[in-house]
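Below you'll find the structure, written out as structure tokens, and then a few comments.
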Amino acid sequence: MKVGLNRGCMRSLIDVVDLTVEEIDELINVANDIIENPEKYQEKCKGKKLATLFYEPSTRTRLSFTAAMMELGGNVLGFSEASSSSAMKGESIADTAKMLSCYADIIAMRSPKEGAPFVASKAASIPVINAGDGGHCHPTQTLGDLLTIKREVGRLDNLTVGFCGDLKYGRTVHSFINALSRYKNIKIVLISPEELKLPNYVKYEVLDKNKMEYRETTSLEEAIPGLDVLYMTRIQQERFVDIDEYNRLKDSYILTVDKLQNAKDSLVIMHPLPRVNEISVKVDDDKRACYFKQALYGKYMRMALILKLLDEAKKNPQKEQMYNLDEVVFDKFTCTNPRCITSTEQELTQIFKCVDKKNGIYRCIYCEKKANN
Ligand code: CP
């Protein structure tokens, strides 16, 4: 967790918990106002530029950020694949972020490397938004997900939420559970094959720490009747090391019209998209299917977020402190996560944060992998 320690400084958004619940409520209010009164916002970012640095494929996130900035009257520059950037010549994330600080006012970055947007935010002199880093976090997806529930269910507390599919690699799931942990009376049902269960660090440090009620099951049919929200996910082929394992697991869950027969009439079906085959296209006609609306709501939350971060940067151009020096250790451990940004950018200082003093547990500040101490 990279919570901005000094409120009143320029902010970036790396993890959804960098925002307080009050700030998320405010973003939801602004997004709702944008939906009601789009004309009020059409020149709010006139003369401003958003840089979209996407080192990994994207349809919704990159294009909704682009549409968001355009609808605010601003401009967009950037690249949509690493191969068309100087990353191919070996340019580091930090140097790229410094360069873009000369050309743009705000950055949205996606990378397969966990912690890359955090590294960019430390180097840049403009706000950086994490648009998805490896299997780690996807905070702007979560902001859109929260707006979806608020608009479709009418509340963000007293909910039973089922997560189904790839709970191991699904970064949207990790960010969303983190966000839900701060609302009252949330019950979580984790539906996955044994091999794709939610990582222990999310279980222990989010669900257990926040005393959230949760259970695990392998049966979607058994879980469906009790759910207010069903969050389907794609099996993340690109994160598997063993392709045979992917092929064995890829059809684990397919939501069909039949399987919805015992679901609540008020169920909200969500999916961060893209889908492969985990929701039958016939379900799209069901009034409970909200995943395309969810993608639209993501655009409005990105508009609200761009406005907030640009406003804070204007008022407070000095950079925020990214971690508390009393809680971190430098070069004491080496991160063993092959997806961590430190595995490719070897000049980065290895920084670990103590998350549990009593048991001496440290986690990598970039990707949150536990230190092997
Ligand atoms: N939900 C999501 O992140 O979609 P993209 O990968 O298309 O951006």
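What whole-number distance in Å separates the alpha-carbon centres of region 144-200 and region 241-275?
Centre-to-centre distance over Cα atoms comes out at 14 Å.
Could you size up the charge dipole of the chain around its Cα centre, putting +1 on the beta carbon of Lys and Arg and -1 on that of Asp and Glu, and report it in debye to the nearest 20? It would help to have the intermediate numbers written out before the result.
Details: 53 positive and 52 negative charges, 129 e Å.
Here the chain has a charge dipole of around 620 debye.
If you bin the C-alpha pair distances of region 172-298 every 10 Å from 0, what whole percents do you get?
Pair shares across the bins are 11, 42, 38, 9, 0.
Quote the convex hull volume per residue of the chain, based on C-alpha atoms, as a whole number of Å³. Show your work: numbers first, answer last.
Working: hull volume 51.2 nm³, N = 373.
That works out to 137 Å³ per residue.
Using only alpha-carbon positions, what ratio does the radius of gyration of region 1-97 give when scaled by 2.2 N^0.38 Å? Please list the in-between numbers first.
On the way: Rg = 15.9 Å, N = 97, 2.2 N^0.38 = 12.5 Å.
Computed over Cα atoms of region 1-97, the ratio equals 1.27.
Placing unit charges on C-beta atoms (Lys and Arg positive, Asp and Glu negative, everything else neutral), compute the dipole magnitude of region 10-106 about its Cα centre in debye, rounded to 20.
Details: 10 positive and 16 negative charges, 113 e Å.
Value, rounded to 20: 540 debye.
Taking N as the number of residues in region 275-373, what is its alpha-carbon radius of gyration divided by 2.2 N^0.38 Å? Could the numbers behind the result be given before it?
Working: Rg = 20.7 Å, N = 99, 2.2 N^0.38 = 12.6 Å.
Normalised by 2.2 N^0.38 Å, the Cα Rg of region 275-373 equals 1.64.
Using the reciprocal of the averaged 1/r over all distinct C-alpha pairs, how large is the Kirkwood radius of region 177-231 in Å?
Details: mean 1/r = 0.0842 Å⁻¹.
The Cα-based Kirkwood calculation yields 11.9 Å.
Compute and list, largest first, the equivalent-ellipsoid semi-axes of region 130-182 from the alpha carbon gyration tensor, each √(5λ) rounded to a whole angstrom. Display every interim value, and only then the final one.
Working: eigenvalues 77, 32, 15 Å².
They are 20, 13, 9 Å, listed largest first.
What value, in deg cm²/dmol to 500, does the helix sum -39500 (n - 2.57) over DSSP H runs of n ≥ 4 give at 222 nm once divided by the residues of the chain?
Numbers: 9 runs with 107 residues, N = 373.
Taking each H run of at least 4 residues, the total per residue is -9000 deg cm²/dmol.
If you consider only alpha-carbon coordinates, what radius of gyration and Dmax does region 17-61 have, in Å?
Cα only, region 17-61: 14.1, 34 Å (Rg, Dmax).
Sort ASP166, ASP33, ASP326 by Cβ crowding within 10 Å, fewest neighbours at the top.
On the way: ASP166 28, ASP33 14, ASP326 6.
Fewest-to-most Cβ neighbours within 10 Å comes out as ASP326, ASP33, ASP166.
Tell me the Kirkwood radius of region 277-332: reciprocal of the mean inverse pair distance over distinct alpha-carbon atoms, in Å.
Numbers: mean 1/r = 0.0632 Å⁻¹.
Result for region 277-332, one decimal place: 15.8 Å.
Hey, got the dipole for region 208-361? About the Cα centre, +1 on K and R Cβ, -1 on D and E Cβ, debye to the nearest 20?
Values: 25 positive and 26 negative charges, 119 e Å.
About 560 debye.
When all C-alpha to C-alpha distances in region 104-168 are sorted into bins of 5 Å, what percent of pairs does each bin hold, rounded to whole numbers?
The calculated distribution, bin by bin, is 4, 15, 18, 19, 15, 12, 11, 5, 0.
Would you kindly compute the Cα radius of gyration of region 33-176 and its largest Cα-Cα separation (Dmax), both in Å?
Just the Cα atoms of region 33-176 yield Rg and Dmax of 16.5, 51 Å.
To the nearest whole percent, what portion of all C-alpha pairs in region 109-256 is separated by more than 26 angstrom? All intermediate terms of the calculation are to be shown ahead of the outcome.
Working: 2943 of 10878 pairs.
Cα-Cα pairs in region 109-256 separated by more than 26 Å: 27 percent.
If the viscosity is 1.002 mPa s and the temperature 20 °C, what translational diffusion coefficient in µm²/s does Stokes-Einstein give for region 321-371 when Rh comes from Kirkwood over Cα pairs?
Working: Rh = 11.1 Å.
In µm²/s, the coefficient is 193.
Pairs LYS113/LYS259; LYS40/LYS282; LYS113/LYS357: which exceed 31 Å Cα-Cα? Walk me through the numbers before you get to the answer.
Numbers: LYS113/LYS259 37 Å; LYS40/LYS282 38 Å; LYS113/LYS357 28 Å.
Pairs exceeding 31 Å: LYS113/LYS259; LYS40/LYS282.
Provide the net charge surrounding ALA68, with neighbours chosen by a C-beta distance below 9 Å and charges set as Lys +1, Arg +1, Asp -1, Glu -1. It would help to have the intermediate numbers written out before the result.
Numbers: positive: LYS299, ARG302; negative: GLU71.
Combined, the nearby Lys, Arg, Asp and Glu give +1.
Laboratory data are not the source of any read-out in this text; all were calculated from the coordinates shown. This one's a predicted model, so the numbers in the text were calculated from it and none came from an experiment. Cβ coordinates were reconstructed from backbone atoms using ideal geometry, including for glycine residues, and neighbour counts include every protein chain displayed.
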